[in-house]
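I have placed the structure first, in the form of C-alpha cells, so that the comments after it can refer back to it.
What follows draws every value from the coordinates through simple rules; no lab data is involved. Note that the structure is predicted; figures quoted are calculated from it, not measured. Quick reminder, even Gly has a Cβ in these numbers, built from the backbone with ideal geometry, and neighbours come from all protein chains shown.
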C-alpha cells in the first residue's frame with residue numbers, strides 16, 4: 001500500500017469518525033443515501049477544511065470545524081443527517097469507500113496541480 005493511499009484511508013477514517021461522533025450510538029441513523037458524486041465533492045471539500053484546521057487546537061478548532069462543515073453542507077445543499085447516514089453506509093461497504101476515496105484523491109490531485117500551475121500573465 002502506497003503512502004499516499006494510506007494517508008487517504010487514514011483521513012477518510014478520521015472524517016467519517018467525526019461524522020459518527022455527532023450522534024448517540026443508540027439512535028438508528030436517519031437520513032438518505034447521497035449519490036457518490038455528491039459525496040466525492042463533499043469529502044474533497046472536507047479534506048481542504050481539515051487541512052485548514054491542521055494547526056489550530058482547542059475550542060477554536062471545534063468552532064471552526066463546525067463552521068466549515070456547516071458551510072460545506074450548505075454549499076452542496078445537503079443535510080448533515082444525510083452525510084452521516086451515507087458515511088455509516090460507506091463504513092459498511094469497504095469497496096464503495098475505496099472507490100469513492102480514489103475519486104476524492106484524484107480530485108484533490110487535480111486541484112493541487114491547478115493550484116501550483118503558473119498563472120497566465122496577460123501580455124506575455
By the mean-Cβ-within-10 Å protection proxy, highest first, 34-40, 50-56, 64-70 rank as 34-40, 64-70, 50-56
Stretched fully, the stretch from residue 62 through residue 99 gains (0.36 nm per residue minus C-alpha distance, one decimal, in nm) 10.4 nm
Gyration tensor (alpha-carbon) shape descriptor, the range 32-113, a/c threshold 1.5:
oblate
